[in-house]
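Undergrad: I'd like to ask you about the structure that follows.
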Amino acid sequence: MYYKRPFAFKPILILFLSFVLGSSFAANRKETGIFDFLKKPGNQYVLIKTDKGECIVRLYNETPKHRDNFIKLVKKGFYNGTLFHRVIKSFMIQGGDPDSKHAKPAQLLGEGDLGYQIPAEFNPGIFHKKGVIAAARDDNAAKSSSASQFYLVQGKVYTDEELNVVEEKRLKGRKIPPAQRQIYKTIGGTPFLDQNYTVYGEIVKGIEMVDSVASVPTDGNDRPLSDISIQMRLLKRKEIKKLEKELAQENFRKKLIM
C-alpha cells in the first residue's frame, strides 16, 4: 500500500486569498489616496525673499522649458545673493544677473548671462497681468529668453482707450481677448509685452513685495540706490499642500462675496 498525498488545498487557498486581498487593497488605495504623499506635486512653487518682503510664485506647467530651467537654478542656489538690479515703478522689477552678486555700488548691470538661452514659449492664454514672472531677453529674432534674468510685473491699470492704443501701436493690430482686457482694466499689468516675452509663472501670495521694491529710489540706470538682495528656494511638499489649501479657502471666500 502506498500513501496518497492529499490535495494541496491550503497553499492554493492562501494564494487565492492573497490575490483577493491584494486587489482589494489596491482599489482601496486608489479610493482613499493612502499613498498620495508619494505623488509629485502638480505645481512647483518658489519662495522669493528680500528685505522688502517675500512672495511665493507658482510656475506654469504650460511653459515647461522655462519652468524646469528656473527650478534647476533655484535648486543650485544660483539666485541667492543676486540683486533686483533694474526697477521701474508702474512697470516691473528685474533680477537674476549673475554679475550682480558682487557688484560695486552704481555699477551698471543687466548684461550678465549663463551662456545659453531658453526657446520662447508663448501661449495665448498667458499674459502680462500684474504679479507674473517672465523672462528677460536681448533683441534676438527668435525672442529666446535669458537663462537667468527675470522680471516681476507691477504694471498699471489701463482704460479701454489706452488698451486700444496698445493694440494698434504696440501689438500691431492683435486684439487683446475680452477676459484679459478686463484684468488689465482692474488688476493691471503690461499688455504691450504680450507674446514678445515669455511669462512662466505668477505670484500667488505676497504680491505686496513687488509694490514695495518698485517704490524704492533708483539711479539713472534704474538700479536701486540701496541693494535689494534676493534669496530663493523651492517649497517642500508639506508647504505646497498647506499653501494650496489656503489658496482654495481664499478663492472660496471670494466667490461667496461675489
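The values are calculated or read from the model by the stated rules, or taken from the named source; none is laboratory data. Computed from a predicted structure; not experimentally measured. When we count neighbours, we look across all protein chains shown, and the Cβ atoms used for this are built from the backbone with ideal geometry, even at glycine. In case anyone asks, the SASA skips ligands and DNA or RNA and just uses the protein heavy atoms, side chains included. Shrake-Rupley method; radii C 1.70, N 1.55, O 1.52, S 1.80 Å.
Undergrad: Please give, to one decimal in nm, the separation of the simple spin-label points placed at ASP138 and TYR116, each 7 Å out from Cα toward the Cβ.
TA: Simple spin-label model gives 1.7 nm for this pair.
Undergrad: What residues qualify as long-range amide H neighbours of PHE91, i.e. H under 5 Å apart, gap of 5 or more or another chain, H built at 1.01 Å from N?
TA: GLN154, GLY155
Undergrad: Relative contact order for region 43-257 using alpha-carbon pairs under 8 Å, separation at least 6, rounded to a whole percent?
TA: 33 percent.
Undergrad: To continue, here is another question. Report the dimensions of region 132-254 along its three principal axes from the alpha-carbon atoms, largest first, rounded to Å.
TA: 46, 39, 31
Undergrad: While we're looking at this one, here's another question. What are the ³J(HN,Hα) couplings of region 89-106, residue after residue, when phi is run through the Karplus curve with 6.51, -1.76, 1.60 and θ = phi - 60°? Round to Hz, x for glycine and proline.
TA: Taking θ as phi minus 60°, the curve returns 4, 6, 9, 6, 10, 10, x, x, 6, x, 6, 7, 4, 10, 6, 7, x, 6 Hz for region 89-106.
Undergrad: Heavy-atom accessible area of ARG253 with all protein chains present, probe 1.4 Å, nearest 10 Å²?
TA: My reading of the accessible area for ARG253 is about 130 Å².
Undergrad: Next up: Using a 7 Å offset from the Cα along the Cα-to-Cβ direction at both ASN80 and GLU250, what is the distance between the two label points in nm, to one decimal?
TA: 2.6
Undergrad: Hey, got the dipole for region 39-107? About the Cα centre, +1 on K and R Cβ, -1 on D and E Cβ, debye to the nearest 20?
TA: For this selection, approximately 220 debye.
Undergrad: Would you pull out the residues with amide H under 5 Å of VAL132's amide H, same chain only if 5 or more places away, H placed 1.01 Å from N?
TA: Placed amide hydrogens put VAL153, ILE203 under 5 Å from VAL132.
Undergrad: Quick check: Cα centre of region 44-120 to Cα centre of region 191-258, how many Å?
TA: 12
Undergrad: A follow-up question, please. So what J values fall out for region 248-253 if you push phi through Karplus, 6.51 cos²θ - 1.76 cosθ + 1.60 with θ = phi - 60°, rounded to Hz, Gly and Pro as x?
TA: 5, 5, 5, 5, 5, 5
Undergrad: Same structure again: Tell me the Kirkwood hydrodynamic radius of region 104-169 in angstroms, computed as one over the mean inverse distance between distinct C-alpha pairs.
TA: Result for region 104-169 stands at 14.4 Å.
Undergrad: Past 27 Å, Cα to Cα: identify those pairs from LYS75/LYS238; LYS175/LYS205; LYS49/LYS130; LYS65/LYS236; LYS65/LYS205, in the order given.
TA: Flagged as over cut-off: LYS175/LYS205.
Undergrad: Follow-up. Rounded to two decimals, what ratio of Rg to Rh does region 43-257 give with C-alpha atoms and a Kirkwood Rh?
TA: On the Cα set of region 43-257, Rg over Rh gives 0.95.
Undergrad: Still on this structure: By how many nm would the segment from ASN123 to SER90 lengthen if fully extended, with 0.36 nm per residue of separation less the alpha-carbon distance?
TA: Difference between extended and current length: 9.5 nm.
Undergrad: With only Lys, Arg, Asp and Glu charged, each at its Cβ (+1 for the first two, -1 for the last two), find how big the charge dipole of region 43-257 is about the Cα centre; round to the nearest 20 debye.
TA: 900
Undergrad: Now a separate question. Would you pull out the residues with amide H under 5 Å of ASN80's amide H, same chain only if 5 or more places away, H placed 1.01 Å from N?
TA: MET232
Undergrad: Still on this structure, please answer the following. How much length, in nm to one decimal, is gained on full extension between VAL216 and VAL165, taken as 0.36 nm per residue of separation minus their Cα-Cα distance?
TA: Once the chain is fully extended between VAL216 and VAL165, it gains 15.4 nm.
Undergrad: Within the accessible area of region 43-257, what % is carbon and sulfur when the probe is 1.4 Å and the other protein chains stay in place?
TA: 52
Undergrad: Averaged per residue, what accessible surface does region 89-233 expose to a 1.4 Å probe, in Å²?
TA: Result: 48 Å² per residue.
Undergrad: Compare THR50, THR190, THR159 by solvent-accessible area with a 1.4 Å probe and give them largest first, with all protein chains kept in place.
TA: Order by accessible area, largest first: THR159, THR50, THR190.
Undergrad: Give me a comma-separated list of calculated 3J(HN,Hα) values for region 154-168, in order, Karplus coefficients 6.51, -1.76, 1.60 applied at θ = phi - 60°, integers in Hz, x for any Gly or Pro.
TA: Running phi through 6.51 cos²θ - 1.76 cosθ + 1.60 with θ = phi - 60° gives 9, x, 8, 8, 10, 9, 4, 4, 5, 5, 4, 5, 4, 4, 6 Hz.
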